[in-house]
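See structure below.
The values are calculated or read from the model by the stated rules, or taken from the named source; none is laboratory data. Since we're looking at a predicted model, the values are computed, not measured. Neighbour counts are summed over all protein chains in view; Cβ atoms, including those assigned to glycine, are modelled from backbone coordinates with ideal geometry. To get the accessible areas, we keep the full protein, side chains included, count just its heavy atoms, and leave off ligands, DNA and RNA. Shrake-Rupley method; radii C 1.70, N 1.55, O 1.52, S 1.80 Å.
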Amino acid sequence: MKNEIILRFCIWGFEDRTPDDITRETGVTPLLTHVKGERKNPKFTALAKQNGWILGTPYDKYTPFEQQMNYLSELLAEKKDVFKPLCDQYYCEFSCALFVYADNGESTPQVHLTKQHNQLLKELDIEFDLDLYCYSDSDEE
């Protein structure tokens, strides 16, 4: 299997507005939203514990981290005046999940935050969360 990188920008924990309000305010359509107490996914029974607004990229999970991060960073930077108040008021993060499959001939995906990325994280008060999932052939047994 090929290594995978899934990067999202998330806004969590807002109670005074709906995900649709955030979509209208930002002019950006999220990948998905969560409404507290409702199903996260119609196919499953798990309920959302908090409201969430999750923005993805137009790329697939095999696209390098840098390309995905640049896309989201540029979008947020262009609309900094809209996102800054949201980031000041709510918990905002870049959520990055790396799925690394051993013995697939690929090197571990590179996750590198540039000075520009770090500056944006600081300016907007955004956290960066990295989850690493490693699998080997013996995991399949």
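Key figures for this structure:
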{"quantity": "Members of the stretch 4-18 that are open to solvent by 10 Å² or more (accessible area, probe 1.4 Å) and over 19 Å from LEU121 (Cα atoms)", "calculated": "GLU4, ILE5, GLU15, ASP16, ARG17, THR18"}
{"quantity": "Residue tally, condition farther than 15 Å from ARG8 by Cα and either open to solvent by 40 Å² or more (accessible area, probe 1.4 Å) or among the hydroxyl-bearing types (Ser, Thr, Tyr) (or both), over the stretch 83-107", "calculated": "12"}
{"quantity": "Filter pass, GLN110 being among the polar types (S, T, N, Q), surrounded by 12 or more Cβ atoms within 10 Å (Cβ to Cβ) and outside any strand (DSSP E or B)", "calculated": "no"}
{"quantity": "Residue in the stretch 9-17 that is more than 23 Å from ASP60 (Cα to Cα), among the aromatic types (Phe, Trp, Tyr) and touching a strand residue (DSSP E or B) at 6+ places or on another chain (Cβ under 7 Å) present", "calculated": "yes"}
{"quantity": "Any hit, the stretch 70-79, residues being part of a helix (DSSP H, G or I), among the small types (Gly, Ala, Ser) and either in contact with a strand residue (DSSP E or B) (Cβ under 8 Å, 6 or more places away or on another chain) or at pLDDT 95 or above (or both)", "calculated": "yes"}
{"quantity": "Hits in the stretch 33-65 (condition: surrounded by fewer than 16 Cβ atoms within 10 Å (Cβ to Cβ), touching a residue at least 24 places away in the same chain (Cβ under 8 Å) and either more than 16 Å from ILE5 (Cβ to Cβ) or charged (D, E, K, R) (or both))", "calculated": "GLN50, LYS61"}
{"quantity": "Which numbered condition VAL28 fails, given (1) within 30 Å of TYR135 (Cβ to Cβ); (2) at pLDDT 95 or above; (3) surrounded by 14 or more Cβ atoms within 10 Å (Cβ to Cβ); (4) not small (Gly, Ala, Ser)", "calculated": "(1)"}
{"quantity": "Tabulated pairs, the stretch 98-122, first farther than 18 Å from LEU7 by Cα and at pLDDT below 95, second open to solvent by 80 Å² or more (accessible area, probe 1.4 Å) and assigned to a loop (DSSP other than H, G, I, E, B), C-beta under 7 angstrom, 6+ apart or interchain", "calculated": "ASN104/MET1; ASN104/LYS2; GLU106/LYS2"}
{"quantity": "Checklist (1) in contact with a Gly (Cβ under 6 Å, 6 or more places away or on another chain); (2) not in a loop (DSSP other than H, G, I, E, B) applied to ARG24, failing item", "calculated": "(1)"}
{"quantity": "Qualifying residue in the stretch 114-131 (condition: aromatic (Phe, Trp, Tyr), within 23 Å of ILE22 (Cβ to Cβ) and open to solvent by less than 40 Å² (accessible area, probe 1.4 Å))", "calculated": "no"}
